[in-house]
Amino acid sequence: MTTLEAVATPQTPAQWAVRWFAVVAIGGLFASAPLAHLVWHGLLGRDEALLPLRTQTKAPMPSIAAALDGSWMTQLEKHLREDAPATWWLRANWNELRYRVGAPRSKDVRVGRDEWLFLDYATRIDFAAWQRSAPARRAFLAGVRDQVKAAGAELVIAMVPDKERVHAEKWAPKGGLPAAKAGCYAAGLAEFAELGIPAVDLAGAMAMARAAAPATDLYYRGDSHWRKDGALVAGAPTAAFLEARYGAALGPRGPMALSGVTVATLVSALTANLGLAVVNVPDPARPTAPIALPMSLLAHRLAEPHEYYGVEIVTPPGRVGMFGTDESAPVWLIGP
């Protein structure tokens, strides 16, 4: 009979180093979360979340009454199931996995060709419902028209074609608009004409611009807003329309200048609505409208450069802003 005896092999310095590194790394990982919160909330006294996740909300505060009647436990369960950071990460990873395998799911966003994103409801137009709502809509438009006229002005509409119309080749079957949507824009222009409201046809201008330069995107791929080129295409016919109709009252054109041009790579709104790993941070320029930053490789890949411009009127005394803060400005830009 042969007896095999185990012979203890001494650990090398490299093996000990690897083991201790693993122990320290795991220990540091477990201690990092409570330590970070202790420093952030305890030592620094900050009330806001350390990491402002997109769907994060504050956990419900316990109270004796809420604990006794069970409402706090119910609220806490809902918070952990829907809004807690761990839930946010799990949901984001699940949504990104579905996107990567070609099965994205969102009740608000439709994924088109070449990773173009569209508002789902805008691709499913109910023209019959639009026609049924005509009496109420016409009464509302007529009321606005009359109020503006009573104030000594005239209502002019620049009817903006949606992204789903301008870039239909990225979502519609065979690149053509469905019949239910194809005639909506022309019907809207005709309705304005019947009500005596001047309207600028921006869809025609954008269609011609796309035919001349098909590779130029007029809208952001992951958003429903114009890119710089889209704004320029829409601005030209609007200016020509106003000049032709009201040129005598407005006077000659004046020079304009851009100011404060900034470019930031951000996650567009429709991309964020897919439920990917995106974090909302305050926008210094617009405190009430946070900006979305990518928190994963997929969200980073889908982020787009966004360009922001300020517009000023060049006058003999100097440049004048158009944001309602300077009463000497002949034109104000009002909007979100």
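Accessible area per residue for the chain is 65 Å², calculated with a 1.4 Å probe on protein heavy atoms, without ligands, DNA or RNA. Convex hull volume per residue, computed on the Cα atoms of the stretch 207-269, equals 134 Å³. Which entries in the list Lys181/Lys228; Lys107/Lys163; Lys149/Lys228 go over 24 Å, if you measure between the two C-alpha atoms of each? Over 24 Å Cα-Cα: Lys181/Lys228; Lys149/Lys228. Simple point charges give the picture: +1 on the Cβ of Lys and Arg, -1 on the Cβ of Asp and Glu, and for the stretch 207-336 a dipole about the Cα centre of about 240 debye.
For Thr315, the residues whose modelled amide H falls within less than 5 Å of its own, excluding neighbours fewer than 5 places apart on the same chain, are Val320.
Length gained on full extension, Ala158 to Ala231: 25.1 nm, using 0.36 nm per residue less the C-alpha separation. Based on the Cβ-Cβ distance of Arg132 and Ala187, what FRET efficiency does E = 1/(1 + (r/R0)^6) give at R0 = 22 Å, to the nearest 0.05? So the FRET efficiency works out to roughly 0.95. Between Ala248 and Thr315, the simple spin-label model (points 7 angstrom out along Cα→Cβ) gives 2.6 nm. Partners of Lys170 within straight-line reach, counting aspartates and glutamates whose Cα lies under 15 Å from its Cα and excluding those fewer than 8 residues away in the same chain: Asp114, Glu115, Asp120, Asp162, Asp217, Asp223.
When Rg and the Kirkwood Rh are both derived from Cα coordinates, the Rg/Rh ratio for the stretch 96-229 amounts to 1.03. In the chain the longest region clear of chymotrypsin sites (Phe, Trp or Tyr not before Pro) that are loop-assigned by DSSP and have at most 15 other C-beta atoms within 10 Å covers 1-322. Translational diffusion of the stretch 120-161, estimated by Stokes-Einstein from the Kirkwood radius over alpha carbon pairs at 37 °C in a medium of 0.692 mPa s, is 265 µm² per second. When the solvent-accessible area of the stretch 96-196 is split by element, carbon and sulfur atoms take up 58 percent of it, the probe being 1.4 Å. Sites counted here are GluC sites (Glu not before Pro) in a DSSP loop (not H, G, I, E or B) having no more than 12 other Cβ atoms within 10 Å; the longest part of the chain that contains none of them is 49-326. Could you tell me how many degrees, from 0 to 90 and to the nearest 10, lie between the Cα long axis of helix 13-37 and the main elongation axis, the longest principal axis, of the Cα atoms of the chain? Long axis of 13-37 versus the principal axis of the chain: about 50 degrees.
Sequentially through the stretch 210-226, phi angles give Karplus couplings (6.51, -1.76, 1.60; θ = phi - 60°) of 5, 5, 6, 9, x, 7, 8, 7, 8, 10, 5, 5, x, 8, 10, 10, 5 Hz, Gly and Pro residues having no value and appearing as x. In this structure, the amide hydrogen of Ile291, modeled 1.01 Å from its nitrogen in the peptide plane, lies closer than 5 angstrom to those of Val281, Asp283, counting only residues at least 5 positions away or on a different chain. Expressed as a whole percent, the proportion of Cα-Cα pairs in the stretch 228-336 lying more than 24 Å apart is 43%. In plain terms, the C-alpha convex hull of the stretch 271-331 casts an average shadow of 5.8 nm² when viewed from every direction. Here the convex hull built on the C-alpha positions of the chain has a volume of 348 cubic angstrom per residue. What you get for the chain, charging only the Cβ of Lys and Arg (+1) and of Asp and Glu (-1), is a dipole of about 640 debye around the Cα centre. Spin-label model, Glu307/Val39: points 7 Å from Cα along the beta carbon direction are separated by 4.1 nm.
Computed from the C-beta positions of Met73 and Leu97, the FRET efficiency with R₀ = 35 Å rounds to 0.65. Maximal additional length on extending the Ser328-Leu90 stretch stands at 80.3 nm, based on 0.36 nm per residue less the C-alpha distance.
With Rh defined as the Kirkwood radius, the inverse of the mean 1/r over Cα pairs, the Rg/Rh of the stretch 156-308 is 1.02.
Under 5 Å from the amide H of Trp226 lies no amide H of any residue 5 or more positions distant or on a separate chain, with H modelled from the backbone and absent for Pro and chain starts. The length gained on full extension between Glu194 and Gln147, counted as 0.36 nm times the residue separation minus their Cα-Cα distance, comes to 15.2 nm. With N as its number of residues, the stretch 243-304 has a Cα radius of gyration that, divided by 2.2 N^0.38 Å, comes to 1.79.
Which value in Å is the Kirkwood Rh of the stretch 152-231 over different Cα pairs?
On the way: mean 1/r = 0.0726 Å⁻¹.
The answer is 13.8 Å.
Within the full protein context, the accessible area of Arg19 is estimated at about 130 Å² for a probe radius of 1.4 Å.
The values are calculated or read from the model by the stated rules, or taken from the named source; none is laboratory data. Fair warning: this is a prediction, and the values are worked out from it, not measured in the lab. Counting neighbours? That spans all protein chains shown, and the Cβs are built from the backbone with ideal geometry, glycine included. Quick note on the areas: whole protein, heavy atoms, side chains included, nothing else; ligands and nucleic acids left out. Shrake-Rupley method; radii C 1.70, N 1.55, O 1.52, S 1.80 Å.
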